[in-house]
Amino acid sequence: MIIPAIDIIEGKCVRLTKGDYSTRTTYDASPVDMVRRMVDSGMTRIHAVDLTGARQGSPDAFNTLEKMASVNGARIEWGGGLKSDDDLRDLFNAGASWAVIGSVAARQPLMFNHWLCEYGPDIMILGADIREGKVAVSGWTTEEEVTADELINRFRPLGLNQVIVTDIARDGMLEGPNYDLYTTLRDTHPHVTFTVSGGISSIADIERAYDLGLPRIIVGKALYEGHVTMRELELENERQNNTAC
């Protein structure tokens, strides 16, 4: 499954390089317009990050989420600044289908335990953003002394089954994903579905991920910069669906 990404600052689509906010590139298309284009191309599951919310530690773009989620057929997995029960309530009221949790999982594991139990592992996704082996939080501005493996082991007993792993060193670099990272995690945690995030530069990168048995791939900068097109992603999705049948 190809999952296109929308990163949001001040209601606009942006991309960063290696999570550095000073490298921000802002694109003309609005998040809602991008959602429409993605859904029209058959990509209905969309990864969205409230980058302002992630950095400041509280959600900032639920009004944008509400407009994005109102696009017919769109299903949004949303992360960024989610810290409280009220945040999650407002998130789902605004139309998100999934919540991606990073900082709370690393810093307040009991809170994430509670959310896994209350909402279930089919809705709650662990976001593990990795820099030099450690999990980075608060919009990638701070590293915690915990690894992705440790986080997964902590929450697997409560049914955790979806993890988005972003290799920050590859994010926005268009140099290909860290395939060894994902295949090692998959082999270590066979009951977890991992999403590849960071580094996709071409259709060939996506095909290699599929060939390695990695079923979910986030595509961000490569799409915005024209290294892949919506039509190419649509055709690749069709090819994979036909292969699965």
Vicinal HN-Hα couplings computed from phi for the range 115-126 (Karplus, 6.51 cos²θ - 1.76 cosθ + 1.60; Hz; Gly/Pro x): 5, 4, 6, 6, 9, x, x, 7, 10, 8, 10, 7
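What length, rounded to one decimal in nm, is gained on full extension from TYR21 through to ASN241, with 0.36 nm per residue of separation minus their alpha-carbon distance?
Details: separation 220, 0.36 × 220 = 79.20 nm, distance 3.64 nm.
Net length gain for the segment: 75.6 nm.
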Spin-label model distance (nm) - LYS67 vs THR147, 7 Å beyond Cα toward Cβ: 4.3 nm
In sequence order, calculated HN-Hα J values of the range 95-102 (Karplus, 6.51, -1.76, 1.60; Hz; x Gly/Pro): x, 5, 8, 9, 10, 9, 10, x
Spatial separation of Cα centroids for the range 124-174 and the range 1-39, in angstrom: 21 Å
Stretch gain in nm, segment ALA204-ARG37, where the contour uses 0.36 nm per residue and the Cα spacing is subtracted: 57.9 nm
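Pop out the carbon and sulfur fraction of the accessible area of the chain as a percent, whole number, probe 1.4 Å. Kindly include the intermediate steps, with their values, before the conclusion.
Numbers: 4600 of 10450 Å².
Here carbon and sulfur together make up 44 percent of the probe-accessible area.
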Projected label distance in nm at CYS117 and SER58, using a 7 Å step from Cα toward the beta-carbon: 2.8 nm
Calculated from backbone phi, Karplus (6.51, -1.76, 1.60) coupling profile of the range 78-83 in Hz, x at Gly/Pro: 10, x, x, x, 6, 10
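May I ask you to give the solvent-accessible area per residue for the chain, in square angstrom, as obtained with a 1.4 angstrom probe? Don't skip to the answer; put the middle values down first.
Values: 10450 Å² over 245 residues.
Averaged over the residues of the chain, the accessible area is 43 Å².
Could you work out the local net charge near PHE194, counting Lys and Arg as +1, Asp and Glu as -1, over the other residues with Cβ closer than 10 Å to its Cβ?
Working: positive: ARG186, ARG216; negative: none.
Every neighbour counted, the sum reads +2.
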Sum of side-chain charges, TRP115 neighbourhood, beta-carbon under 13 Å (Lys, Arg +1; Asp, Glu -1): -3
Difference of contour (0.36 nm per residue) and Cα-Cα distance, ASP180 to ASP86: 30.1 nm
Highest to lowest packing among 1-14, 149-162, scored as the average C-beta count within 10 Å: 1-14, 149-162
The chain - mean residue ellipticity at 222 nm from DSSP helices (-39,500 (n - 2.57) per run, n ≥ 4, rounded to 500): -11000 deg cm²/dmol
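From the square roots a ≥ b ≥ c of the eigenvalues of the alpha-carbon gyration tensor of the range 1-106, which class results: rounded (a/c under 1.5), prolate (a/b over b/c), or oblate? Could the numbers behind the result be given before it?
Working: a/c = 1.67, a/b = 1.13, b/c = 1.48.
Judged from the Cα gyration tensor, the range 1-106 comes out oblate (a/c at least 1.5, b/c at or above a/b).
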The chain: proportion of alpha-carbon pairs further apart than 22 angstrom, %: 49 percent
Net charge, LEU160 excluded, C-beta distance under 12 Å - Lys, Arg +1, Asp, Glu -1: +1
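The values are calculated or read from the model by the stated rules, or taken from the named source; none is laboratory data. Bear in mind that the values here come from a model prediction, so they are computed numbers and not experimental data. Here Cβ is always computed from backbone atoms with ideal geometry, including for glycine, and neighbour counts include all displayed protein chains. These area figures cover heavy atoms from the full protein model, side chains too; ligands, DNA and RNA do not enter into them. Shrake-Rupley method; radii C 1.70, N 1.55, O 1.52, S 1.80 Å.
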